[in-house]
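Everything on this sheet refers to the single structure shown next.
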Amino acid sequence: MPFALSGILLPTVPGTSSRSDFRGVRRSRANVSFLSTTTNSNSRKICASLSPSPSFDSDSTSTTVAAAGGKVLIPGGESQESTPPAIKDPQVADKDHKVFEDVVILPTEVESAIEIEQKSVASETLVEVDSAIEVEQKFVASETLVEVDSAIEVEQKFVASETLVEVDSAIEVEQKSVASETLVEVDGAIGVEQQSFASETLVEVEGGELPESLATVKIDEPMEEKLGVIPPPGSGQKIYEYDPQLEAHRAHLDYRYSQYKRLRELIDEHEGGLEPFSRGYEKFGFIKSDNGITYREWAPGAKWAALIGDFNNWNPNADVMTKNEFGVWELFLPNNADGSPPIPHGSRVKIRMDSPSGVKDSIPAWIKFSVQAPGEIPYNGVYYDPPEEERYIFKHPRPKAPKSIRIYESHVGMSSTEPKINTYANFRDDVLPRIKRLGYNAVQIMAIQEHSYYGSFGYHVTNFFAPSSRFGTPDDLKSLIDKAHELGIIVLMDIVHSHASNNVLDGLNQFDGTDTHYFHSGSRGHHWMWDSRLFNYGSWEVLRFLLSNARWWLDEYKFDGFRFDGVTSMMYTHHGLAVGFTGNYNEYFGLATDVDAMVYLMLVNDLIHGLFPNAVTIGEDVSGMPAFCIPVKDGGVGFDYRLHMAIADKWIEILKLKDENWKMGEIVYTLTNRRWSEKCVGYAESHDQALVGDKTIAFWLMDKDMYDYMALDVPTTPRIERGIALHKMIRLITMGLGGEGYLNFMGNEFGHPEWIDFPRGDQRLPNGRVISSNNYSLDKCRRRFDLGDADYLRYRGMQEFDQAMQHLEEKYGFMTSEHQFVSRQDEGDKMVVFERGDLVFVFNFHWNNSYFNYRVGCSKPGKYKVVLSSDDGWFGGFDRIDPKAEYFTSEGRYDNSPRSFSVYAPNRTAVVYALCDE
């Protein structure tokens, strides 16, 4: 049965492929087929003609993916034999929440000739018109009064107050990106075009009636987004005020900053600045113009190059490229005689090079889309340029970055309850509403960049500018992100700039036939544990490639930021392997520090925060590098958050111990051990702990009992009771003390009972040992959300507690409160008491003892009430805490606090108390 992919019709044939996994072993993967669907309001026709096979050169290593050897036609083209049915976009239905109100259009009256175009309206505006004036209102957000008496053109941009425009003649008014309810009153005949409304719009016109056809016109147009400005380098000296201990390493840090400033100056001199330098995708790869298509590729090691593909029947002699003095190959293809583009949308393309390692066919390094046909090993690059009517148009503005970030870590492919590879569209329709309901305000999506080996979890990237085709088309991904924005959720991408896939045929490795192209040569260019290639961050073109890659995802797909993977590996030449960081500053600043990589990280953070001021960057660093989250202008690396990786490791360490050996002081120290003024994202567990070979917290706690005793109609066991209680407490204390942000991997909120095991064949390790396959099964590569939703299972209570925890933080914002004070960490009572903001958290980790009239310290006087109890019956507890009880403070110092109040603290229970307003 054939399947279609945005203008390509592919046959389904059996086969396997071999890919290198992140542990350095070779694995085989099963054939995965998928059917893409459009996300625009316009349905697509995907046509393919079954024509004789295109000719292939005898020495070609390219593989075909066209249907039955047929030629691929652009959507809407003629097909001589078969035309698959049009694929219509799935209906998006969010039954749990309705975030935006329906658009309301009231009757309109018309008198004379005035056209009003309203786009993306969301705030209150009154326009009264009498004469000939063109008014363009952009990004209006509050009140301004503009009065005009004659023929005038008024353009209002970035108005920060409510706007009233009165004019005395015939006028054309264009309103764009207005932030809420809009009222338009006009004294003449008016045509109204309403586009991309985000909330309720009211149009009132004095005069005759507006024709119904005009009142219902809707046209999608791209949202305009104003980019910020990248600031010039600062002094780089403020880090010594943040951390006086850095003075001892001033020579290293000043040298690092001087290298950063020198590179900024060189980029300014030779490229016109960091902003144009980061638009490499407008110079390299496929660049379409009115006259044709230009293709450029940096491959200095190649001796000869030609572009091949469906468009020229893979003839290597048809389109030979020329090389300049910088090692850049170039080719211009003029439009066809009928004006059509020389490369049709959906065509497969590759670059053939005569290189030092021989003749090879490679996917273009800047390719925007690539696919793997069933039964074939290497991917094929795809020229992706859909017609305007088929491109997804963003309708919703980016939400502002939340002050308290609560991240739902996700993987699109494994987000289905069924054993299959899920799609962007299904994630959009099914998972995003769940994330919103649970109370998370950010979704971090893994495995977006194309990766040949599915089991690498997306960390062995082969095509850096291409979204993974396993889950759908680029436009499907855009639709997903736009839906998240509609729900008020920011979207972070798990971006991989720390290393690249070792693949040669469909990746960057030995792209031009040399070992030193994008990567360091020799052992420095290979990560022995990950079996991957390591970038040369001192190379001009590598910097262009990676900086442009970061900007591409923010600009083209509207991602709201990144979680940078493997930053510890980037910052040190030893990559953090077999190194135990103790916190000694000599470990951070020395010969083992990769200054080129540090400067790249500073550049990319400068770029992101300059052009996209609301973007969020999170760095995965386990070393504790000082100044990691200090702004670049002050001498820091520039990240917004550090991923607090030590917390998850500590919980795994503790879970291996008996309850009586849990040390309250160690728990508190690990959770609070972070650098002053540098924000952290804390988490109890992420995807790492869910992988096969490891255990989730729920599995550590409850083990095999989870399979038999999680039904409410089955008697529980002591292990289940302990597991559910501690699972809730661990997550709450991690959120309460672990940082200024919080992360959870999808499904872990309800204690997902199964590990993650990607489809795989037999694995032969370097030592000769063979790990048996799972027969390419997807059974353990999914998320059983149905378990968390089932009201007859105990998973439901754990999910409800996590949801209540997120909404508690949303209400009180305690993670970003400046006030944090731990008043008690009692090893005998196994009690932890602390304040964060106006909340008092009380944890009793004792396995047996409950405490009556237990006094806890607090800062503020008054009446306190229970706002969250892990012992609530709805959360799988025993209802030992009275939710209506009131607690009054007593004056007098207690546990280094000025006052206190008494509580009941049941064993294995966490309770949060809030100061009442009255």
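Values as computed for the structure displayed
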| item | result |
| --- | --- |
| Restricting region 454-490 to trypsin sites (Lys or Arg not before Pro) in coil, as DSSP defines it, with at most 15 other Cβ within 10 Å | none |
| Three semi-axes of the equivalent ellipsoid, region 852-918, Cα gyration tensor, whole Å, largest first | 22, 13, 9 |
| Coil-residue trypsin sites (Lys or Arg not before Pro) of region 839-918, DSSP, other Cβ within 10 Å capped at 14 | K884 |
| Per-residue ³J(HN,Hα) for region 789-796, Karplus 6.51 cos²θ - 1.76 cosθ + 1.60, θ = phi - 60°, Hz, x for Gly and Pro | 8, 6, 6, 9, 10, 6, 4, 4 |
| Kirkwood Rh (inverse of mean 1/r, distinct Cα pairs), region 440-528, angstrom | 14.5 Å |
| Rg/Rg_globular for region 375-422, with Rg_globular taken as 2.2 N^0.38 Å and Rg from C-alpha atoms | 1.83 |
| Chymotrypsin sites (Phe, Trp or Tyr not before Pro) within region 522-588, DSSP loop, no more than 10 other Cβ atoms inside 10 Å | W528 |
| Per residue solvent-accessible surface (Å²) - region 644-743, probe of 1.4 Å | 38 Å² |
| Two-decimal ratio, region 500-584, of alpha-carbon radius of gyration to 2.2 N^0.38 Å | 1.22 |
| For region 332-379, convex hull of alpha carbons as volume per residue, Å³ | 124 Å³ |
| Positive-end residue, region 684-770 charge dipole about Cα centroid, Cβ charges, pick of G768, Q689, P753 | G768 |
| Stokes-Einstein D in µm²/s, Kirkwood radius over Cα pairs - region 778-844 at 25 °C with 0.890 mPa s viscosity | 167 µm²/s |
| Förster radius 51 Å - calculated FRET efficiency between K656 and R391, Cβ distance, rounded to 0.05 | 0.45 |
| Globularity index of region 582-733, i.e. its alpha-carbon radius of gyration over 2.2 N^0.38 Å | 1.33 |
| Approximate spin-label separation S777-N673, in nm, with each point projected 7 Å along Cα-to-Cβ | 3.9 nm |
| Using θ = phi - 60° and Karplus 6.51 cos²θ - 1.76 cosθ + 1.60, couplings along region 391-400 (whole Hz; Gly, Pro as x) | 7, 6, 10, 5, 10, 10, x, 5, x, 5 |
| Approximate spin-label separation K420-V579, in nm, with each point projected 7 Å along Cα-to-Cβ | 4.6 nm |
| Pair Q245, S523: separation of 7 Å Cα→Cβ label points (nm) | 3.1 nm |
| Equivalent ellipsoid semi-axes, region 451-604, via Cα gyration tensor eigenvalues times 5, rooted, Å | 28, 20, 14 |
| Size of electric dipole in region 553-688: Cβ of Lys, Arg +1 and of Asp, Glu -1, about Cα centre, debye, nearest 20 | 360 debye |
| Shape metrics for region 301-341, restricted to C-alpha atoms - Rg then Dmax, Å | 12.0, 37 |
| Computed E for L765/D688 - FRET, C-beta separation, R0 30 angstrom, nearest 0.05 | 0.90 |
| Calculated P(r) tail over 18 Å for region 768-814, as whole % of Cα pairs | 57 percent |
| Nearest-20 debye value, region 255-350 charge dipole, Cβ charges on Lys, Arg, Asp, Glu | 440 debye |
| Test item: Cα-centred dipole of region 411-485, Lys/Arg +1 and Asp/Glu -1 on Cβ, debye | 220 debye |
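The values are calculated or read from the model by the stated rules, or taken from the named source; none is laboratory data. Computed from a predicted structure; not experimentally measured. All Cβ positions, even for glycine, are placed from backbone atoms using ideal geometry, and neighbour counts span all protein chains on display. Only protein heavy atoms, including side chains, enter the accessible area calculation; ligands, DNA and RNA are left aside. Shrake-Rupley method; radii C 1.70, N 1.55, O 1.52, S 1.80 Å.
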